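The values are calculated or read from the model by the stated rules, or taken from the named source; none is laboratory data. Note that the structure is predicted; figures quoted are calculated from it, not measured. Every residue, glycine as well, gets a Cβ built from its backbone with ideal geometry; the counts of neighbours run over all protein chains shown. Keep in mind that these areas ignore ligands, DNA and RNA; they rest on the heavy atoms of the full protein, side chains included. Shrake-Rupley method; radii C 1.70, N 1.55, O 1.52, S 1.80 Å.
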Amino acid sequence: MRFLTRWIVNHPKRVLVSSVLVFLIAGAIGGNVVNRMSGGGYDDANSDSAKVAEILETDFELADPHLSILVGIPNKANAIDTAQVTAVADDVYERVNEISGISEITTYWNSGLAQSLAAENKSLGLILIYLESDSLDEKNAISRDIIDLLPATENGVKIYVGGVGSIYTAINTQITEDITFAEKISIPLTLLMLLIVFGSAVAASMPLIVGLFAISGAMFGIFTVSLFTDVSVFALNLITGLGLGLGIDYALLMVNRFREEMDKETDVDVAIRNTINTAGRTVLFSGLTVALTLSSMFVFPQQFLRSFAFAGVLVCLMAVVGALVPLPAALRLLGKRVDKLKIRRGDLVPKADGFWSRTARFVMRRPVAVSLVTIVVLGSAASLALDSKFGQVDDRVLPASNPAAQAAQAFRDNFNSFEGSPIEILLPVDSATSGLATEISELPQITRVESAAGIYQNGEFLPLGAEVGWPAMPFTTDDYDRLRVIAEVEPRNAEGEALIWEIRELVPTALVGGGAAIYADSQAGISDNLLAAFAWVALATLILLFMFTGSVLLPFKAVLLNLLSLSATVGVLSWMFQNGNLQFLTGDYTVTGQLDTSSLVLIVIVTFGLSMDYEVFLLSRIKEEHDRGSDTQTAVAVGLQKSGRIITAAAALLAVVFAAFVTSSVTSIKMLGFGIAFAILLDATVVRGLLVPALMRIAGKYNWWAPAPLARIYERFGLRD
């Protein structure tokens with residue numbers, strides 16, 4: 001820190017110009033990352049289902065259809081056998097077949113009128129599109145071409161373009177549009193609030209230095225990551241939201257401390273040094289804490305969550321750099337002119353006494369009562385999570401009016417089985433496939449089981465293709481026998497997940513894949529790694545807070561309070577998004593009766609990190625007062641007064657940034673925005689304003705206690721001035 005401080009004090013213009021160049025170059029390169037991102041990434045690439053997909057592609061030369069097109073006249077029985085619909089279906093086939101990159105097109109009309117490719121009342125027929133490329137970018141491009149090529153209606157015949165390719169393309173497009181719209185709302189509101197909070201136009205521009213630098217650097221970093229692995233498009237929301245949020249947090253902390261130092265009539269160089277050595281140290285430690293918290297998502301196998309880990313760590317580190325390099329350089333050049341263009345009367349320097357110190361003293365006069373009431377209220381909110389049900393993203397995260405969502409709903413309404421999402425079972429060669437196929441076909445959810453020998457329905461054998469009209473396909477290799485299972489349950493829900501585990505119990509030696517297995521393995525990939533993620537977060541937090549405070553009690557208190565606050569948040573999210581309450585507040589969305597597991601994990605980890613951000617802000621000022629000789633009550637009151645305004649202002653500004661995502665048409669983004677906004681406001685007000693001073697008053701001198709061996713470690717390695 002000393003070298004950095006000398007460099008900034010002695011060469012502020014060079015530092016600022018260099019930072020601007022880095023910002024421009026990083027932004028120019030990183031801006032191209034949007035076209036490289038995907039809407040998927042929810043699957044476990046190391047699971048059995050992933051192995052099945054690879055074996056089917058390499059050994060059997062098979063792949064799932066990327067697009068499923070429905071053609072027909074809804075609710076009109078036998079429509080697909082009419083000349084009107086057949087002509088449109090043939091036209092769709094010819095037009096799609098001209099697009100390069102397509103390996104195969106299987107339709108109801110070119111497969112001998114296969115009943116499995118027709119709706120139950122034959123109002124709609126299926127066209128399955130298989131692609132040659134393994135490249136996600138190429139698949140997305142082909143999907144967009146087909147979607148743009150086909151009209152929604154032709155000669156009175158409906159054309160629905162559905163399937164995984166259609167859904168992911170729709171999600172990518174919708175999120176890109178939603179981010180632009182959210183920024184149009186959040187940026188003007190944020191700028192207005194910055195003027196009010198900072199009190200002057202010049203000071204209000206300081207968070208933009210940090211935030212834009214962080215976003216630009218993180219975009220460059222995530223672009224580099226995308227060269228080596230897939231990156232979820234959802235990571236853009238975290239980069240923009242967290243970049244602006246941390247920019248506001250850290251700029252508030254630095255500018256307020258700089259004002260304090262300048263109020264002492266200190267030379268500007270001395271003020272910058274003191275600001276970096278106090279607030280800058282807090283920023284460094286806070287950024288490290290948040291980054292380590294977000295890095296816990298690396299333990300999950302899903303690229304969706306790993307993308308957020310990359311994005312979160314990058315944007316945190318870049319926000320720290322922005323707050324410690326270009327921001328102090330700008331403050332060094334501005335000096336007292338940071339308060340130019342005032343829009344608020346009165347002194348802008350933080351006061352030593354005020355609302356927050358009075359609140360702290362009020363709480364500390366009755367700490368037990370305040371603690372009990374607050375814990376009961378938060379516990380009641382947390383109890384709403386007891387009936388929570390968890391699942392994964394499907395087409396229903398899109399608005400019901402979206403063509404991809406309409407296609408999926410048309411499939412649900414008209415098809416009893418899911419031909420485009422079979423369960424694939426691979427057994428070692430010479431296994432007793434006949435007996436296993438018979439046993440599986442007797443399960444109530446199974447439509448049929450296809451094998452090399454033939455087809456099994458309800459325990460009975462049928463010649464392959466004779467009854468169901470499905471064309472012959474490979475079922476054996478030198479290493480594997482294959483069973484292709486068509487079920488009547490949706491693959492991406494709890495019923496499909498339960499069916500997979502039932503089949504795996506019946507056939508423990510088999511590899512089970514397909515859409516339902518991918519869903520089941522994805523859920524398991526999260527649940528199996530949750531403990532490791534939370535253990536990492538808790539351990540990192542406990543160690544870092546101990547090294548920051550020298551206390552054993554304060555880190556444990558911080559973790560427990562965060563867990564209480566997050567439990568209340570999950571309860572509220574369950575009541576709202578699982579059960580569909582308060583849609584007048586969040587906007588309309590499809591209620592599925594479950595919460596998206598991946599998004600919920602993201603909300604919990606991000607808000608835990610931001611909560612620790614505010615915990616560090618508060619503890620740094622309390623500890624500073626305590627180290628000066630103040631007793632615990634005085635230290636808490638003064639510390640809360642000097643940090644409370646910063647914390648609540650930062651939380652309010654950050655809440656506006658994330659709350660803007662509630663305007664998104666994608667349900668998981670809507671939940672992400674509301675969840676983070678609610679959690680940080682709850683934490684910055686109820687937890688920091690009431691529970692922290694109450695519990696610190698109860699603990700008294702034990703707040704600062706540590707056993708002798710740990711005290712010696714802190715004396716030697718602690719993060720002190």
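Quick check: at a probe of 1.4 Å, how many percent of the accessible area of segment 26-71 sits on carbon and sulfur atoms? Solvent-exposed carbon and sulfur of segment 26-71 make up 43 percent of the total.
P(r) tail for segment 258-399: Cα pairs beyond 25 Å make up 61% of the total. Just so you know, the Rg over Rh for segment 220-272 is 1.31, from Cα atoms, with Rh as the Kirkwood radius. A viscosity of 1.306 mPa s and a temperature of 10 °C, combined with the Kirkwood radius over C-alpha pairs in the Stokes-Einstein formula, give segment 54-202 a diffusion coefficient of 89 µm²/s.
Relative contact order, whole percent, for segment 230-355 stands at 37, derived from Cα pairs under 8 Å and 6 or more residues apart.
Across the chain, the mean sequence separation of Cα contacts (distance under 8 Å, 6 or more residues apart), normalised by length, yields a relative contact order of 19 percent. Shape class of segment 491-608 from the Cα gyration tensor (axes a ≥ b ≥ c, square roots of the eigenvalues): oblate, since a/c reaches 1.5 or more and a/b does not exceed b/c. Solvent exposure of residue 547, expressed as accessible area, is near 30 Å², computed with a probe of 1.4 Å over the protein chains only. The three principal axes of the Cα atoms in segment 592-664 give end-to-end lengths of 56, 21, 15 Å, sorted in falling order.
With no solvent and one equal point scatterer placed on each C-alpha of segment 358-402, evaluate the Debye formula and give log10 I(q)/I(0) for q = 0.21, 0.33 Å⁻¹, two decimals. Calculated log10 I(q)/I(0) at the listed q: -0.80, -1.06.
Taking Rg and Dmax of the Cα atoms in Å as calculated from this structure, the corresponding entry among (i) 30.1, 101; (ii) 27.3, 97; (iii) 29.3, 94 is (iii). Taking all protein chains into account, the per residue accessible area for the chain stands at 39 Å² (1.4 Å probe).
Couplings 3J(HN,Hα) of segment 87-95, computed from phi: 5, 5, 4, 5, 5, 4, 4, 5, 5 Hz, in residue order, whole Hz [Karplus 6.51 cos²θ - 1.76 cosθ + 1.60, θ = phi - 60°; x for Gly and Pro]. Full extension of the chain segment joining residue 380 with residue 176 gains 69.7 nm, where the gain is 0.36 nm per residue of separation less the Cα-Cα distance. Taking only the Cα atoms of segment 361-505, the ratio Rg/Rh comes out at 1.29, with Rh defined as the Kirkwood radius.
Each peptide in 330-336, 485-491, 124-130 was scored by the mean count of other Cβ atoms within 10 Å over its residues; highest first, the order is 124-130, 485-491, 330-336. Here residue 528 sits with roughly 120 square angstrom of accessible surface, probe radius 1.4 Å. Centre-to-centre, using Cα atoms only, segment 634-672 and segment 37-110 are separated by 45 Å. Taking the longest Cα principal axis of the chain as reference, the axis of helix 367-383 is set at about 10 degrees.
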